[in-house]
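Taking it in order: structure first as C-alpha cells, then the write-up.
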Amino acid sequence: MPVRIVDKSPGIDPHCRANLLHSRTLEIFLGLGIVDDAIEGSFQERRINIYADGRLVGVNRHEPIDSPFPFGMSQSQAKTEAVLEAHLNRYGISVERSVELTSLAEHKDRVVASLLHPDGWEETVETPWLIGCDGAHSTTRHLTGCAFPGDQDPFAYVLADVAIQGKLEDEVGYTFLHAEGDLFIFTMLPGRRRLVCANLPAGSQPVDPPTLNQMQTLVDTRGIPGLRISDPHWLANFHIHYRLAPHYRHGRTFLAGDAAHVHSLLAGQGMNTGIQDALNLSWKLALVIRGIAPEWWLDTYESERRKVGEGVVAMTKTITEDAEHYAGLTPDQRARLASHMLIPESERLQAARHLQEVDLDYRTSLLSREVEGEFERGPRAGMLAPAASPIIFAGERKNLVSLLIGVNHRLLLFGGDVRGQANDNLAEVCRATQEKHGHWLDVSVVTPDEQHAVELPTGVTHLGDPTGAIRERYAANVPCLYLIRPDGHIAFRSRRFDSLGDYLGQVL
C-alpha cells in the first residue's frame, strides 16, 4: 500500500530542539540499519553535575545499561530527521514539503482529507488510515475534535543554542539551582550547548526572545565563573505545557508524538517517546492492512502507549517543578531539595534504565500472554526482550537486539542447553510454523553451537549461543519458546511448543 508523508514546513528545522538519542531509540535505529548514520558526530552524556547557589553539591552519574548502546547520545534533531528522511527515500518515499492538512472527514472505511499545496491547489485525498505526527499544535488533533487537557507551567522560560567557552566538561550536563532561578546547560555537539532557564516571574508573558547579552547575564549570575557564550544559533522564549490527549485513536485517525502528549524538555523524553509511539503503531497497522491481524489490535496502540505518555508527563513535571521551587525556599529547604535531586548509587542503574526508556513494558496488554507459573524467572510477556551478546547469526557475532526490530515477529525456539536435550518435535514445529505463518513471522532456533543445531527447514535461521548469554537471560535452559513483536517486546512465552497455536488462536 502506498504511503504519503506531508509536512507543512518547508524543510527540516535547523534549530536544535530534541538533542538526545536515548539507548532504546538507538536500538531501534540499529534494527532499521541507520544507527551508524544517526550517531555520526554525536557523543555520550555520562553524568549531570548539580550546583546549588554556585557550589557543586553532587553528581548524578548515568550508569551504563545492558544494551549495545549503554549511554544516550547527544545529537542534533536536525541530523536525526535528515537520517530518517534519507531512510525513507531509500524506499522511494519523499516527504511532501509545504503541504498542509486543512480538513478531514471520518468514514467507516476511509478518511477523506484536504491538502493545501504551496501553489494554492487544494487536493482531496482518500486514505484508509491517517496518522497525525504534527506536533503540539496538531491540526489533526484539532480536526478530530480531540481535547488536549492539561496545564501550563507558570514560569516563562528562555532558551539559547550557543557556543560556549569555559570550564565545562565534555559529556557532562549541568543543573544550576539558584536563589534567582534555575539554569540548565545541556550537552549538544562539541563546543556548543543548549541553555534553558526560568527567566521571568510566574505569570509573565514575554514577547521578544532574549538577547545574547541577557543570556550571558543569566549565565554569569547562576552558573560557574568564567563561562562565555557566543555565536547564537537560536534564542527563544517559551512556556512549558503538560498535556495528554484523552485518546490516541479516533476511528481511522491516530495521534503520535507531541500531537498526543507534551511536557517539559527536561530528561529529553519527547522525541524518543514519539519514536516509540510511531514504532508501536506502525507494525500493528501493517499487519491489519495485510489482513493478518484483526482491527482490534489497533486499540492496543492507545492502551499501551498512553500509559507511557502519562508517566512521561508526570516525571518531567516533577523534575521541572523541583528546580523551579528552589528559589522560593529557605536555606534548609534548599539543602534538602538539592539532596533529594541526587540519585543514590544503589538506584542509579534503575534510574538510567528508565531514562534510556528500556524498562517500558506492556504486561497488561491484550497482546501479552503467558501461562502463569511456567517460568520461575526470565523476561515476562510484555517486557522488552533483553539484549544478549554474543550470538552467532549467519557466521557473524551480533547482539540479539539487532535482530528484534523489523517488519516481522520473531519466534525464538530454544532446544535446551544439554546435548541431545532438544525437543524431538523441534524440526516439525519449525516446519509447521514456517508454512502457516512464515509470511509475517521469522523463526529462529537457538542452540549452544552449530554442532547442536537440528536440521532446520528452509527459511528457518539458526542462532548460535556459544556462551549461553541468550539462554541465561531468557531462562531457557530447557526447551521453550519466546514470540517477539516487531518492536522488540515479548508477546508470548511458553515451555510447550504446541502452545503457540493456542496463543495465535486467541489474538488472531
Taking segment 435-455 and keeping only residues that are over 31 Å from the mean Cα position of the chain (by Cα), open to solvent by less than 50 Å² (accessible area, probe 1.4 Å) and either at pLDDT 90 or above or more than 20 Å from ALA388 (Cβ to Cβ) (or both), one is left with VAL454
Which condition does ASP322 not pass, out of (1) under 30 Å from THR221 (Cβ atoms); (2) touching a residue at least 24 places away in the same chain (Cβ under 8 Å); (3) open to solvent by less than 40 Å² (accessible area, probe 1.4 Å), if it passes all the others?
(2)
Residue check for GLY309: more than 17 Å from ILE490 (Cα to Cα) and touching a residue at least 24 places away in the same chain (Cβ under 8 Å)
yes
For segment 116-133, how many residues are farther than 26 Å from ARG17 by Cβ and in a strand (DSSP E or B)?
6
Counting only strands (runs of 3 or more DSSP E) entirely within segment 15-115, those with at least 3 residues that are over 26 Å from ASP220 (Cα atoms) and open to solvent by less than 50 Å² (accessible area, probe 1.4 Å) are 100-106
Screening GLY415, GLY382 for residues that are touching a strand residue (DSSP E or B) at 6+ places or on another chain (Cβ under 8 Å), modelled with pLDDT under 90 and buried (at least 19 other Cβ atoms within 10 Å of the Cβ) leaves only GLY415
Residues to consider are ALA147, ALA136, ALA156; find the one that is among the hydrophobic types (A, V, I, L, M, F, W, C), in contact with a Phe, Trp or Tyr (Cβ under 9 Å, 6 or more places away or on another chain) and assigned to a loop (DSSP other than H, G, I, E, B).
ALA136
For segment 160-212, name all the residues that are part of a strand (DSSP E or B), open to solvent by 20 Å² or more (accessible area, probe 1.4 Å) and among the charged types (D, E, K, R).
ARG192
Which pairs have Cβ atoms under 7 Å, sit 6 or more apart or on different chains, and link a residue in segment 356-372 that is closer than 15 Å to PHE492 by Cβ to one that is part of a loop (DSSP other than H, G, I, E, B) and among the aromatic types (Phe, Trp, Tyr)?
SER368/TYR362
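Table: residues versus (1) out of contact with any Cys (no Cβ under 9 Å at 6 or more places or on another chain); (2) under 26 Å from LEU244 (Cα atoms); (3) among the hydrophobic types (A, V, I, L, M, F, W, C).
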| site | (1), (2), (3) |
| --- | --- |
| ILE131 | yes, yes, yes |
| SER138 | no, yes, no |
| GLU180 | yes, no, no |
| ALA198 | yes, yes, yes |
Report every pair of residues separated by at least 6 positions or lying on different chains whose Cβ atoms are under 7 Å apart, first residue within segment 119-143 and aromatic (Phe, Trp, Tyr), second at pLDDT 95 or above and open to solvent by 30 Å² or more (accessible area, probe 1.4 Å).
TRP129/ARG252
Name the pairs: first residue in segment 52-64 and farther than 13 Å from HIS178 by Cβ, second residue open to solvent by 70 Å² or more (accessible area, probe 1.4 Å), Cβ to Cβ under 6 Å, at least 6 apart or on different chains?
HIS62/ARG46; GLU63/LEU349
Could you check segment 271-284 and list, in sequence order, the residues that are open to solvent by 20 Å² or more (accessible area, probe 1.4 Å) and either within 30 Å of ILE185 (Cα to Cα) or in contact with a helix residue (DSSP H, G or I) (Cβ under 9 Å, 6 or more places away or on another chain) (or both)?
MET271, ILE275, ALA278, LEU279
Residue selected from segment 470-488 under the condition aliphatic (A, V, I, L, M) and touching a helix residue (DSSP H, G or I) at 6+ places or on another chain (Cβ under 8 Å), by the criterion surrounded by the fewest Cβ atoms within 10 Å (Cβ to Cβ)
LEU483
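The values are calculated or read from the model by the stated rules, or taken from the named source; none is laboratory data. Computed from a predicted structure; not experimentally measured. Neighbour counts are summed over all protein chains in view; Cβ atoms, including those assigned to glycine, are modelled from backbone coordinates with ideal geometry. The protein model used for the area step is the full one, side chains on, heavy atoms only, and it has no ligands, DNA or RNA in it. Shrake-Rupley method; radii C 1.70, N 1.55, O 1.52, S 1.80 Å.
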